[in-house]
Amino acid sequence: MPNYRIHKTEYIDETKRVSFKYDGKTYFGCEGDTLASALLANGIHLVGRSFKYHRPRGIVSCGAEEPNAICQIGNKKDLTEPNVRATELELYEGLEASSQNCWPNVKFDIGGINNFISPLIPAGFYYKTFMWPKSFWKKVYEPLIRLSAGLGKSPTEPDPDIYDHKHVHYDVLVIGGGISGIIAAKMAAKNNLKTLLVDDKKILGGSTIYQNNEAIKIDNKLSNEWLKNEIQEIKKLSNLTIKTRTSIAAYHGYNFLLAKENLTDHLPEEKKKNKIRQRLWKIRAKKVIIATGSIERPLVFNNNDRPGILLSNSINKYLDYYGVSCGENIILFTNNDSAYETSISLHKKGIKNLIVDLRKSARSELIKQAESLGIKIYFNYVVTNTFGYRKINSLEIMKLSEDGNTTVGNKIKLSCDCLGMSGGWTPMVHMHTQSGGKLNFRDDDQVFLPKENSEDQISVGSCNGDFDLENIIDKTVNKINKFLDIDNQDYQDTNIICSKENDKRNIWLLPNKIPLGKTKCFIDFQNDSTAKDIKLALKEGFRSIEHVKRYTTTGMATDQGKLSNMHALGIIADTAGVKMGTLGTTTFRPPFTPLTFGTLVGRNVGKFFEVVRKTSMHEWHVENNAEFENVGQWKRPWYYPKNGENMHDAVQRESKAARDSAGILDASTLGKIDIQGTDASEFLNRVYTNAWSKLEVGKCRYGLMLNEDGMVYDDGVTTRISENHYLMTTTTGGAANVLSKLEDYLQTEWPELDVYLTSVTDHYSTASICGPNSKKILNKLFPNLDLSDENFPHMSFKEDKLENINCRIMRISFTGEQSYEINIESKYGHSLWKMCIEAGKEFNLTHYGTETMHLLRAEKGFIIVGQDTDGTMTPSDLQMDWIVSKKKFDFIGKRSLYRSDTIREDRKQLVGLLTDDPKEILEEGAQIVSDVKSKPIDMLGHVTSSYFSPNLNKSIALAVVRSGKTMKGQKLIIPMENKNINVTVSDTIFLDKENKRLNA
Amino acid sequence: MFLINCPFCGERDQSEFSSGGEAHIVRPKQPTELSDDEWAEYLFMRKNIKGIQFERWNHAHGCRKWFNVVRDTSNDKILSVYKMGEKPPVNYK
């Protein structure tokens, strides 16, 4: 097996060998490697296939910008992760990784045929091709596209890992632990500011930490030595927290940032166990210093995507940091000085290399150094083509014309096994723009730079466009002093020697003799978009960068165009003949690098996903086989199947029992608001449609609450406990909203009212007993209470004790039966319930759930707000004009009840429906029409509630129908998939119109 | 995510608050005397300006108090916070 690890470095422990599997084969790396460096050490460049053309692709970079080396990690159903960048993944013993987007394997991939038919799949291919015939979409195109779409595989079972969230507050947050970040953090922390420094790598130091060129020195030391010293210094600072392996994912307003800390991803399986995998930091910082650095740009030329073609600086890092050479015969292709550092490093380690430089000449110290070492430099040359299928083996260069627009002279063919490209540097302005910052364009070196506009945030170092060391240190120090309003002198006398120059010759799309249509000049490696695609988009009329991006998919892959966006912009600007600065950029959106869902969700999974509210009686319901229904956060018994009953049978039994003898319902979840104060009655007058002043103490009244737009909002019974004390009930789901609405009016519109509101929903448990025998059961529970209709009539309230515990008893009914609601302090709720059940045994007291409750109330035509109403129903639409006071001067929503729209006669109105076939049960939500022949069919309304009534032995339904009030007796049609159901409009009350049962 | 300085509790995370839209829209004292248009003006019409806007906020998961906020909607900066019933600061007209 080849070994490309050619020398020792302090970051790699060669004595500790780490075995890992890649595409099923076992390899060895060293402790300190990333998966990418370990693969390169084994001579493996080919790591995947491109998305569209399935071209062989190799490792390009050494960081977060990597477009090609993305792998599937692990292969368990619950523990596998797609799209992990090999350049960021730290190697660990037993790591299993595989390449993506290739079948049967990365070396021989069937999809590679796409490369040969590529002229047939230009930009916008999908939009243009899969348009017709229409019938092909569902059966042919979609399944085919789905088969070839997507890069990795998602896990199919729940994630067993543990994730965590943490909230922190800091005076200063420094993003990025390169040289400028380290200086900034030191300055802040030494000035008594509580500081957090985060960096996504394992160790601090950025790209300076492996910088060892003699031409670049600080205080007469190699820059990496100087920086190591600084790192030792800052580690001693007590008010500085350093978080490595932590990357900022999102920068929101008000300096609120999200960071992902990797805790176990670098550990072998057995050490990962029972540990938190990743932690999401929610950071609030008074000031944020962005020092995210810059990334090297590729160059755009024909076949610039072959395995073995990397960014020049990445070759340098693999060499000086990981001790790995990317080849034995390397060519560096550049338009600036950076590649010379790589070249000199390679040369010193004995790696043969030469340089192709787009510039006509350059005279910095670095270049002189390279020349004196005898490194061959081709000035004013351009790479025009590369060769080698699974790895580059040679390339062609040609001389550039004077204006740089064409090539001249003869081709020179050079052999190589690796090519480094350096197109200059792109400042990482993601954080700045995510926070809302704007950008300026610098024409000299064609970069977008942060436009400083905030007192809470600043960018320093190369992410601010300061590329040479002298600039980085001086400017960073000055800016930080000003930004933090401090006077730090630590770097006053720092002596910096940097002989690199910022001169470059920028050509976005390099010239070539071959027509563009026959070249493959890749811009976005992962999504396979080429210079040709961008030009085609422009030809077809796309102008906005946002449109070109979506049409060509440039920058839309998992790397979000970190390497490609600038080239796309540059080519658009050149082609359209506009200045690049005027084009703007596409929007930088969070997250900076992909986040796992686990990190976002943290601990809120499984039973912690949402709050569950249970009544005091809940355990009894569980013991008695209840099926539960979620109502808001509450768990409510839905029905109680007995002896294998289905839902229908259980509900029929429960409903019949409640009317024949007695039924009991857990009504604890109804919202309860305690209202006190001398203006309590006036307050109720204003919030309900009916009048409240004359309600006697000890009496109950049903109220309907509207929104200011006149639409029904909530309903419930309110009891006058004493002169200035009411207890309001609301719907279960509406309780919180009603309380906040009432508070709103009290605090903002009517602050003069003396009223206090308290939510007491959870304070009381409620058992509701109804049916002809309910009075007898109550008598057993409260033998001293006079239950006669004279003393305790319908809609009244009494207090009594149950074994010395106070109970509030309301005689109110939602079923139309004689009915009592017993309220007791919640801690006694379970006992109350059991005592009721015990007392009711001899009367076949049947516990029933919400479904039976809904059925019983529908028999009586009582509405359920939210089921029979939908925010567009007025009281009049519900045929409830009787509850709207004509005398009251004002109440919430009153004025809206006679707006031109609310008095329309043809509004949808609540009606009853009876099916011609009494056995036929309508579907809730079904559409209602009067005529199925004329098309389009005029929709008159829909069914809101529908049941089979065991007490009437027929199907009943409530519905909203246009002009329904005037349609009683009229025939309508409910068209269903297979048949039309004939119905007749009826009254909304189906049972006991005279309310005889209430007092029976 | 804003930091909102509740006048009763101090600085808290936005997630504790709910927004109540434009401030200083007074509910008419005699709605019955208004024409449909006048009532609609109160009921539906909101400015929704880009720039300095006066808003109502409620510390829903805190003290439950409503209060007023002056916010620049173009950059989300909260410029001032004051209690219900207090006069809006004059320098932000």
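Observations
- Among (1) farther than 20 Å from A:ASN304 by Cβ; (2) in a loop (DSSP other than H, G, I, E, B); (3) in contact with a strand residue (DSSP E or B) (Cβ under 7 Å, 6 or more places away or on another chain); (4) open to solvent by less than 60 Å² (accessible area, probe 1.4 Å) - the single one A:GLY561 does not satisfy: (1)
- The one condition from (1) assigned to a loop (DSSP other than H, G, I, E, B); (2) on the phi < 0 side of the Ramachandran plot that A:LYS282 does not meet is (1).
- Yes/no for A:PHE609 being among the hydrophobic types (A, V, I, L, M, F, W, C) and surrounded by fewer than 13 Cβ atoms within 10 Å (Cβ to Cβ): yes
- For region B:77-87, a residue qualifies if it is closer than 21 Å to A:GLY253 by Cα, open to solvent by 40 Å² or more (accessible area, probe 1.4 Å) and more than 13 Å from every other protein chain (Cβ to nearest Cβ), and the qualifying residues are B:LEU79, B:VAL81.
- Total residues in region B:12-43 satisfying the condition of being at the interface with chain A (Cβ under 8 Å from one of its Cβ atoms) and among the aromatic types (Phe, Trp, Tyr): the figure is 1.
- Any hit, region B:22-44, residues being within 30 Å of A:TYR251 (Cβ to Cβ) and within 17 Å of the chain's Cα centre (by Cα): yes
- Any hit, region B:66-76, residues being within 11 Å of chain A (Cβ to nearest Cβ), within 28 Å of A:GLY893 (Cβ to Cβ), at pLDDT 95 or above and open to solvent by 40 Å² or more (accessible area, probe 1.4 Å): no
- Selection within region A:322-352 - surrounded by 24 or more Cβ atoms within 10 Å (Cβ to Cβ) and among the β-branched types (Val, Ile, Thr): A:VAL324, A:ILE330, A:ILE331, A:THR334, A:THR342
- Checking the stated criteria, A:TYR688 turns out not to satisfy the condition of being open to solvent by less than 60 Å² (accessible area, probe 1.4 Å), over 26 Å from A:PHE797 (Cα atoms) and either outside the structural domain of A:GLU749 (by TED's automatic domain parsing) or hydroxyl-bearing (Ser, Thr, Tyr) (or both).
- Scanning region A:564-582 for residues being surrounded by fewer than 22 Cβ atoms within 10 Å (Cβ to Cβ) and either among the aromatic types (Phe, Trp, Tyr) or not in a helix (DSSP H, G or I) (or both) gives a total of 3.
- Residue that is surrounded by the most Cβ atoms within 10 Å (Cβ to Cβ), among those in region A:961-1000 that are within 30 Å of A:ILE812 (Cβ to Cβ) and without any contact (Cβ under 8 Å) to a residue 12 or more places away in the chain: A:LYS993
- When each of A:GLU825, A:GLU821, A:GLU817 is tested for being within 24 Å of A:LEU727 (Cβ to Cβ) and open to solvent by 40 Å² or more (accessible area, probe 1.4 Å), the lone residue that passes is A:GLU825.
- Residue check for A:ALA658: surrounded by 19 or more Cβ atoms within 10 Å (Cβ to Cβ) and more than 37 Å from the chain's Cα centre (by Cα): yes
- Members of region A:495-549 that are assigned to a strand (DSSP E or B) and either touching a residue at least 24 places away in the same chain (Cβ under 8 Å) or closer than 30 Å to A:VAL477 by Cβ (or both): A:ILE496, A:ILE497, A:CYS498, A:LEU509, A:PHE522, A:ILE523, A:ASP524, A:SER529
- Elements of type strands (runs of 3 or more DSSP E) in region A:707-784, at least 2 residues being open to solvent by 20 Å² or more (accessible area, probe 1.4 Å) and within 14 Å of chain B (Cβ to nearest Cβ): A:756-759
A quick yes/no check of all residues on (1) touching a helix residue (DSSP H, G or I) at 6+ places or on another chain (Cβ under 7 Å); (2) open to solvent by less than 10 Å² (accessible area, probe 1.4 Å); (3) assigned to a strand (DSSP E or B); (4) free of Cβ contacts under 8 Å to residues at least 12 places away in the same chain:
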| residue | (1), (2), (3), (4) |
| --- | --- |
| A:TYR27 | yes, no, yes, no |
| A:SER37 | yes, yes, no, no |
| A:LEU40 | yes, yes, no, no |
| A:GLY43 | no, no, no, no |
| A:SER61 | yes, yes, no, no |
| A:GLU66 | no, yes, no, no |
| A:LYS77 | no, no, no, no |
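- The listed residues are A:THR494, A:THR530, and the only one of them that is out of contact with any Gly (no Cβ under 9 Å at 6 or more places or on another chain), within 30 Å of A:THR386 (Cα to Cα) and of a type outside the set (Asp, Glu) turns out to be A:THR530.
The values are calculated or read from the model by the stated rules, or taken from the named source; none is laboratory data. Small disclaimer: the values here were computed from a predicted structure and weren't measured. Neighbour counts run over all protein chains shown; Cβ positions are idealised from the backbone, glycine included. Accessible surface is based on the protein model in full, side chains and every heavy atom, while ligands, DNA and RNA are left aside. Shrake-Rupley method; radii C 1.70, N 1.55, O 1.52, S 1.80 Å.
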